[in-house]
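Working notes, structure below.
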Amino acid sequence: MRRCSRIPYIAFALFITCFSCSKDNPSEEPKQISKEIFELEEKIIGLWEVEDDDGQANSSNRQAVDDDLCYVSSLIFYIDGTFTVTYTGGTITGEYTVTSEKSISLGEAGNIGNVNFTSGVMYFEIELNGICAAAYHCNRRIDYRRGDCYSFLNCHDDSVWKMTADNNTYFIKFVDHHNGTWLQNFVGWNSEDCFSAETNKYNDGELILIKNNTGYLRYIHQKNNGNAIHSYLINSNGNLERKIENSDASVTYHTFQPASQEELDILISKTECGAKTYIPDDVFEQELIDRGLDNIIDNYVLTENISGLTALSFVNYAVNDLTGLEDFVSLTHFTLNSSTIKEIDLTTNSFLERVYLSSTELTHLDIDQNAELQSFYLEYGKIETIDFSGNEKLKILELHATTISNLDVSQNEELEMLTIEGGNLNELKFSRNENLWHLNIDNQPLESIDLSFFPNLREINLGYNNLHEIDVSKCPKLEFLSISNNSLLNINLLENVNLRELFISDNSLSQLDISRSSKLYTMYAENNPDLDCIQIADTHWEEINADPLNYRWKKNDNTEYSTDCGY
């Protein structure tokens, strides 16, 4: 078997030739357009096994999504136009089309290009959409027949193997890529009458699958003190042999014998070793199982499996109880979208940096202990107040359709973006903040606001409030201003020379001078009944004339533009 090597990925395109036929003569037989036949269609039929360079993890020529390594193990092209691709993350099947002598379309799954053959070896580049792209060359397995297993995992799916050593019992179970799970380890600690379970890892490092051919399986064991290469194969006696090649050049061998699922079930019916966290919500626990952090629904998960988790998200999950969240002590990102959660305890999640919450029933939230919090988003709920005084690193704060009536951000001097949309905010307390550049207080009963506290504002949205006056003269960096649907009688924009977008419709203006805002690109000023004239600069005529359909420049028909309105 020749080894497979990788070359830098080169993009390729699919060319389509369009045909047309005339119907001027109804009696004329339509021309038959024959499907072009390519020699490649016959050449690729069969199982192609990819060899890796001595099992080493070389990702320099692989492009991967989310920085995950991608190793393609085998490709099968069937004569009926279907295919199977086996790679690190699973098995992909579908229909293929040979589009030229150099390229193959895998439909929505991706493409194969730059196909060529040398001495029976196929060279190609493969792109799996949303997964990765890489270049290989490999050989065809001539004895493969449809229906045969096509990879080690496929051949031994759900196989259980057992070894006894050091007065402990070890089980290994192979799974054919269900939810990315391919190797499960169970260790029975006989002296303690308990067991531990791990998925795609050992206690001292992660496992990266790099070889999944029919004859053997190989992976890299990533460890802090040097990686090791593990290989599995079935010997002539039907036993499973494991070879471990360590970073110090030493080699270790282990032999496992076939075992039944019943034997494994007896082991995992015992107590799992280690401290446990109570997870009463089955949806919550199933998410942990899907991540490989737990093994069965029993209302418990090993605390050591979750204590290092940094991100947890529940979107479109019917989670009703977040009990157990307190033991996720390393969380930095937490997202929840639930219509039933009433309480959330984040007091022990002291490393949280980003929190996104959407819950119609949430009644209380304490984030005083989350000193690292930088971004906070809350939607809906029944909370009346939240104390942000302990969140001095907060940079982004968003409240949408909440019941919060009083908000104090006077201690949040690092705040850069503040958004409050909908709800019933009656009081907003703040202090001088030179970091705030985005202010959005929309659809509130707001009657006044002092913007001089925020000299570096670049974007302001105060639409749909009850403002009668507003002073933006202390905001010289302002580029975007939206204050439509208020009760403004006048506004001074003479200091806002950087303004590019202005939305000031549905007010009670009688005068509007934008002559100093020479960079203005868009202006909406409709529905100001007493506004007869808008004073502009000569430079504005070019923008206005370039918008004959008034997509960017809008006013009432009775309002005119002039460089001298007599103000």
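The values are calculated or read from the model by the stated rules, or taken from the named source; none is laboratory data. Note that the structure is predicted; figures quoted are calculated from it, not measured. Reconstructed Cβ throughout: ideal geometry from the backbone, glycine too, with neighbour counts over all protein chains shown. Areas reflect the complete protein model, heavy atoms only, side chains present, ligands, DNA and RNA absent. Shrake-Rupley method; radii C 1.70, N 1.55, O 1.52, S 1.80 Å.
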**OP:** Return yes or no: is Asn465 of a type in the set (S, T, N, Q) and open to solvent by 50 Å² or more (accessible area, probe 1.4 Å)?
**Re:** no
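Please work out which residue is farthest from Ser307 (Cα to Cα), limiting yourself to segment 211-233 and to residues that are in a strand (DSSP E or B) and in contact with a Gly (Cβ under 6 Å, 6 or more places away or on another chain). Outline the logic, then answer.
As a first pass, look at segment 211-233 and keep what is in a strand (DSSP E or B): 211-212, 216-221, 228-233.
Subsequent filtering for residues that are in contact with a Gly (Cβ under 6 Å, 6 or more places away or on another chain) retains 218, 221, 229.
Details: Arg218: 29, His221: 22, Ile229: 28 Å.
Applying the filter and picking the extreme gives Arg218.
Against the definition (at pLDDT 90 or above, closer than 30 Å to Cys194 by Cβ, surrounded by fewer than 16 Cβ atoms within 10 Å (Cβ to Cβ) and touching a Phe, Trp or Tyr at 6+ places or on another chain (Cβ under 9 Å)), how does Thr164 come out, yes or no?
Yes: the conditions hold for Thr164.
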Original post:
Taking Gln411 and the conditions (1) part of a loop (DSSP other than H, G, I, E, B); (2) out of contact with any Gly (no Cβ under 9 Å at 6 or more places or on another chain); (3) open to solvent by 10 Å² or more (accessible area, probe 1.4 Å), which numbered condition does it fall short on, given that it satisfies the others?
Top reply: (2)
Original post:
Filtering segment 504-533 down to residues that are more than 16 Å from Tyr561 (Cα to Cα) and not hydroxyl-bearing (Ser, Thr, Tyr), which residue is surrounded by the fewest Cβ atoms within 10 Å (Cβ to Cβ)?
Top reply: Lys519
Original post:
Among Ser191, Ser196, which is the only one that is more than 25 Å from Phe83 (Cβ to Cβ), hydroxyl-bearing (Ser, Thr, Tyr) and at pLDDT below 85?
Top reply: Ser191
Original post:
List, please: which pairs have Cβ atoms under 7 Å, are six or more places apart or on different chains, and start with a residue in segment 222-248 that is free of Cβ contacts under 8 Å to residues at least 60 places away in the same chain and end with one that is crowded, with 16+ Cβ neighbours inside 10 Å and basic (Lys, Arg)?
Top reply: His230/Arg218; His230/Arg242
Original post:
Of everything in segment 290-323 that's in a loop (DSSP other than H, G, I, E, B), closer than 23 Å to Ala371 by Cα and touching a Leu at 6+ places or on another chain (Cβ under 9 Å), which residue is most open to solvent (accessible area, probe 1.4 Å)?
Top reply: Thr310
Original post:
In segment 415-424, what count of residues is obtained for those that are over 27 Å from the mean Cα position of the chain (by Cα) and touching a residue at least 24 places away in the same chain (Cβ under 8 Å)?
Top reply: 1
Original post:
Ile142 versus (1) of a type in the set (Val, Ile, Thr); (2) touching a helix residue (DSSP H, G or I) at 6+ places or on another chain (Cβ under 9 Å); (3) surrounded by fewer than 18 Cβ atoms within 10 Å (Cβ to Cβ): which is the lone unmet condition?
Top reply: (2)
**OP:** Take the residues in segment 508-550 that are under 45 Å from the mean Cα position of the chain (by Cα) and charged (D, E, K, R), then tell me which one is farthest from Asn486 (Cα to Cα).
**Re:** Glu542
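I need the full set of residues from segment 414-431 which are assigned to a loop (DSSP other than H, G, I, E, B), open to solvent by less than 50 Å² (accessible area, probe 1.4 Å) and at pLDDT 90 or above, in order please.
Initial filter on segment 414-431 (assigned to a loop (DSSP other than H, G, I, E, B)): 414-416, 422-426, 430-431.
The next check asks that each one be open to solvent by less than 50 Å² (accessible area, probe 1.4 Å); those that pass are 415, 422-423, 425, 430-431.
Those that are assigned to a loop (DSSP other than H, G, I, E, B), open to solvent by less than 50 Å² (accessible area, probe 1.4 Å) and at pLDDT 90 or above: Leu415, Gly422, Phe430, Ser431.
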**OP:** Could you check, for segment 151-161, whether at least one of its residues is open to solvent by less than 30 Å² (accessible area, probe 1.4 Å) and in a strand (DSSP E or B)?
**Re:** yes
Original post:
For the subset of segment 212-233 comprising residues that are farther than 18 Å from Glu198 by Cβ and among the aliphatic types (A, V, I, L, M), which member is most open to solvent (accessible area, probe 1.4 Å)?
Top reply: Leu233
Subject >> Sole exception among (1) of a type outside the set (Asp, Glu); (2) in contact with a Phe, Trp or Tyr (Cβ under 6 Å, 6 or more places away or on another chain); (3) open to solvent by 40 Å² or more (accessible area, probe 1.4 Å); (4) closer than 19 Å to Ser358 by Cβ for Leu397, by number >> reply: (3)
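Rundown of residues vs (1) under 24 Å from Asp176 (Cα atoms); (2) modelled with pLDDT of 85 or more; (3) crowded, with 21+ Cβ neighbours inside 10 Å, yes/no style:
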position: Glu41; (1), (2), (3): no, yes, no
position: Ile45; (1), (2), (3): yes, yes, no
position: Gly55; (1), (2), (3): yes, no, no
position: Cys70; (1), (2), (3): yes, no, no
position: Val121; (1), (2), (3): no, yes, no
position: Tyr136; (1), (2), (3): yes, yes, yes
